[in-house]
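One structure is given here, and the rest of the page talks about it.
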Amino acid sequence: MAGDIWAALTLGAGYNAVVVMLGLAALGAAAGPVGAFMILKRRPLLADAVAHATLPGVALGFLAALALTGDGRQPAFLLIGAAMTGALAAGAMHLLKDGERIGEDAATAAALSVAFGLGVALLSLIQALPTGGQAGLNAYLLGQAAAMTGQEAWVGAAVGGGALVILTLLFKELSQAAFDPVQAAAQGMPVRMLDLVTSALMLALVAAGLRAVGLVLILALLVTPAAAARFWTDRLPRLAVLAAIFGAGGAYLGAGLSAALPGVPTGALIVIILSLVFAFSLAFAPRRGAIAAGLRRLRLRRLLARRAALASIAAGAPPGDRRLAQRRGWIDGAGAATPAGLAAAALWAREDTLRARYLDNRPEEAGRIAASERPIWELLPRDVIAELERSGA
Amino acid sequence: MSPEIRVVSSAAAIHDPVDAESPFDVSGLTVAYNQAPALWNIDYTAPAGALVAVVGPNGAGKSTFLKGALGLVPTVAGRAAAFGAPLGTMRRRIAYVPQRESVDWAFPATALDVATMGLYRKIGWLRPVRRRHREAALAALAELGMADFADRQIGQLSGGQQQRVFLARALVQDADLYLMDEPFAGVDAATERTIVALLRRLSAQGKTAIVVHHDLSTVREYFDAALLLNVRRIAAGPVAEAMTEANLQRAYGGRLAATQLTAAIG
């Protein structure tokens, strides 16, 4: 089986599987940055509601195809149906929210549950039909990449690629409107249109990815890559690129694994892979990751302990943390200050005075100056230090 | 308000020709968010090159006045003009500085990124941000004493520094009319001095600034003119004429302490 997985991941799983994997990778690459914008606008759940709202569309598409062609399982009908009810739900949420009678979260919850309930009811109805054959529709819930045809995969690749092109062309305007829509509108930026573009891209990605990833889990493809990328950077362009890479990688690996493990829904595999990426980022990202934050706290605690010990020595008192002072050679075995300890304490006293003087005038710098392990004369220009030395005289 | 004045102002909304001289001319501006109007039939014409304080109690509609004029909130009635043309056609000459609390400062952007956003409109669709644009934004940051913080993520800045980033974003637009919403709110003394110096510099260049301001005691020192609001227009004109005790009482009612009143009228 390991051989199968390896074969799948290295594009050796047959033409159809390869096309599906590449198509999903393109979808994932676009879903990452689109999800980043959804998160920055604080409405990631809009995507979830739209995804759930595609279900009645899928069912209606099936019924329409059944009536017109005699076979319900026509991907084009199902896709168009999904996009239509998804768009309807998005429009309903915009109207409910703009009415200002209920909040955006309540509007989202209402649209999601109503549409999904309707979809489940329609599916049960279809199942009861003599020509039922609902098996094909189950893939839309949890996703089954293997069930995708090459043609559907090409559609996915085209949607993903097109979304990436639009994102790149409008990136500057989209980021301004995401950060400060009111100021952007004051400058004459068509903020509502840009909002619509983001929603339309999201809807297109959801509709195109539905069959492979499943409507229950497609939210993960949109949101998790961006959430993971946020740990690695403070700049939106890098965030978008990183989210695209995570999204593409997660979708590619998920589709590859599901080709080798046909019993497992693709959506679930993609979610597992992306969750691992997220967990890794949460733990190991430099600066923003949990381990880095823990180390930073530990360093600060040690810094405070060292300064407290030196303050005691400077005041002629025994340091509270004797082990630390002894390890540093600041006090001898009897607890008396050594020459090195006295020198370090004198240096600390000078630094502490300068620090206090500087922060009296620049209180907003307290975080940078007070918590630095480097002495203040390495943090500030020489003339500022000279000025501080003089100001006490 | 006496009935005669109301008749005059609603007539002005319909018949007055656009004041070609004024950089900022609003008439009949009325905004209602819910049932009660937030702003009722406001006429105001700003003198060119003036620093104007928009003053009034909480909930008086000061921010709404700027947003309504800019078309950022739906208006019930009224029109706004800038430089003798409908304001909507003059956006390139107008810079708006929203309240600092209106954005999410955890946004993944640096001070320089935000200042550069002031140029996006001028750069235009489909065109990339070039080095000269970033240099212009950096110069605007430097003018506000923020050059050292250009590469810092905006959430890592103090409130005063964030306000300066907003002002740099407006400054880089090289506008002729500046609309600022509470730029002095919650900033440190150094930032307050920087903003005052910036306003004076803009005024000396013949530019006009309409500034929502909450500190009555500094209106006289910082501004040339004042517009006193409390849903309706209470008074407008040179600071000394508009900020009389009677007008302030009408705007604030009993909410103004005697000490604030003395500070305001000097």
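The values are calculated or read from the model by the stated rules, or taken from the named source; none is laboratory data. Keep in mind the model is a prediction, meaning the values are calculated, not measured. All Cβ positions, even for glycine, are placed from backbone atoms using ideal geometry, and neighbour counts span all protein chains on display.
In table form, for the structure just shown:
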| read-out | value |
| --- | --- |
| Test: residue in the stretch A:179-187 that is more than 24 Å from A:Gly81 (Cβ to Cβ) and in a loop (DSSP other than H, G, I, E, B) | yes |
| A:Ala107 vs. criteria within 14 Å of chain B (Cβ to nearest Cβ), in a helix (DSSP H, G or I) and in contact with a Lys or Arg (Cβ under 6 Å, 6 or more places away or on another chain) | no |
| Unmet criterion (only one of (1) over 15 Å from A:Thr266 (Cα atoms); (2) away from chain B (no Cβ under 14 Å); (3) among the β-branched types (Val, Ile, Thr)) for A:Ile39 | (2) |
| Boolean, A:Gly35 is at negative phi and modelled with pLDDT of 95 or more | yes |
| Residues of the stretch A:271-317 that turn out to be loosely packed, with under 15 Cβ neighbours inside 10 Å and touching a strand residue (DSSP E or B) at 6+ places or on another chain (Cβ under 6 Å), as a count | 0 |
| Residue list for the stretch A:191-204, restricted to those being surrounded by fewer than 20 Cβ atoms within 10 Å (Cβ to Cβ) and facing chain B (nearest Cβ under 10 Å) | none |
| Total residues in the stretch A:154-210, condition among the basic types (Lys, Arg) and under 21 Å from the mean Cα position of the chain (by Cα) | 1 |
| Filtered residues of the stretch A:64-99 (kept if in contact with a Phe, Trp or Tyr (Cβ under 6 Å, 6 or more places away or on another chain) and surrounded by fewer than 18 Cβ atoms within 10 Å (Cβ to Cβ)) | A:Ala64 |
| Test set (1) at pLDDT 95 or above; (2) surrounded by fewer than 22 Cβ atoms within 10 Å (Cβ to Cβ); (3) not β-branched (Val, Ile, Thr) - B:Phe223 fails condition number | (2) |
| Residue within the stretch A:243-257 that is surrounded by fewer than 19 Cβ atoms within 10 Å (Cβ to Cβ), free of Cβ contacts under 8 Å to residues at least 60 places away in the same chain and out of contact with any strand residue (DSSP E or B) (no Cβ under 8 Å at 6 or more places or on another chain) present | no |
| Residue check for B:Gly145: within 8 Å of chain A (Cβ to nearest Cβ) and either farther than 25 Å from A:Val241 by Cβ or charged (D, E, K, R) (or both) | no |
| Long-range neighbours under 8 Å by Cβ, at least six apart or interchain, first residue in contact (Cβ under 8 Å) with a residue 24 or more places away in the chain within the stretch A:322-348, second part of a helix (DSSP H, G or I) and surrounded by fewer than 17 Cβ atoms within 10 Å (Cβ to Cβ) | A:Ala345/A:Ala311; A:Trp348/A:Arg307; A:Trp348/A:Ala311 |
| Output for the stretch A:352-367, where each listed residue is within 13 Å of chain B (Cβ to nearest Cβ), acidic (Asp, Glu) and surrounded by 13 or more Cβ atoms within 10 Å (Cβ to Cβ) | A:Glu364, A:Glu365 |
| Conditions (1) among the hydroxyl-bearing types (Ser, Thr, Tyr); (2) buried (at least 18 other Cβ atoms within 10 Å of the Cβ); (3) more than 14 Å from every other protein chain (Cβ to nearest Cβ): number failed by B:Thr218 | (2) |
| Selection from the stretch B:61-72 of residues that are farther than 17 Å from B:Ser27 by Cβ and either modelled with pLDDT under 95 or in a loop (DSSP other than H, G, I, E, B) (or both) | B:Leu72 |
| Any hit, the stretch A:207-214, residues being surrounded by fewer than 22 Cβ atoms within 10 Å (Cβ to Cβ) and out of contact with any Ser or Thr (no Cβ under 6 Å at 6 or more places or on another chain) | no |
| Residue tally, condition in contact (Cβ under 8 Å) with a residue 12 or more places away in the chain, more than 7 Å from chain A (Cβ to nearest Cβ) and in a helix (DSSP H, G or I), over the stretch B:115-133 | 4 |
| Yes/no for A:Ala229 being surrounded by 24 or more Cβ atoms within 10 Å (Cβ to Cβ), within 14 Å of chain B (Cβ to nearest Cβ), within 21 Å of the chain's Cα centre (by Cα) and farther than 22 Å from B:Gly68 by Cα | yes |
| Every residue from the stretch A:230-252 that is in contact with a Gly (Cβ under 7 Å, 6 or more places away or on another chain) and farther than 19 Å from A:Gly156 by Cα | A:Phe231 |
| Test result for B:Gly88, at the interface with chain A (Cβ under 9 Å from one of its Cβ atoms) and not in a loop (DSSP other than H, G, I, E, B) | yes |
| Selected residue [within 26 Å of A:Thr168 (Cα to Cα) and in contact with a strand residue (DSSP E or B) (Cβ under 8 Å, 6 or more places away or on another chain)] from A:Arg235, A:Arg230 | A:Arg235 |
| Residue that is buried (at least 22 other Cβ atoms within 10 Å of the Cβ), in contact with a Pro (Cβ under 9 Å, 6 or more places away or on another chain) and touching a residue at least 24 places away in the same chain (Cβ under 8 Å), where the choices are A:Ala178, A:Ala163, A:Ala153, A:Ala220 | A:Ala163 |
| Members of the stretch B:93-113 found to be facing chain A (nearest Cβ under 9 Å), under 23 Å from B:Gly124 (Cα atoms) and either touching a residue at least 60 places away in the same chain (Cβ under 8 Å) or small (Gly, Ala, Ser) (or both), listed by number | B:Ile94, B:Ala95, B:Tyr96, B:Val97, B:Pro98, B:Ala109 |
| Residues located in the stretch A:10-40, provided they are closer than 30 Å to A:Arg230 by Cβ, of a type in the set (A, V, I, L, M, F, W, C) and touching a Phe, Trp or Tyr at 6+ places or on another chain (Cβ under 8 Å) | A:Met21, A:Leu22, A:Leu24, A:Ala25, A:Leu40 |
| Search result, residues across the stretch B:73-85 that are touching a strand residue (DSSP E or B) at 6+ places or on another chain (Cβ under 9 Å) and not in a loop (DSSP other than H, G, I, E, B) | B:Ala77, B:Gly78, B:Arg79, B:Ala80, B:Ala81, B:Ala82 |
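The rows are residues; the columns are (1) free of Cβ contacts under 8 Å to residues at least 24 places away in the same chain; (2) hydroxyl-bearing (Ser, Thr, Tyr); (3) within 30 Å of B:Lys122 (Cβ to Cβ).
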site	(1), (2), (3)
A:Thr85	no, yes, no
A:Gly91	yes, no, no
A:Ala107	yes, no, no
A:Leu141	no, no, no
A:Leu167	no, no, yes
A:Arg192	yes, no, yes
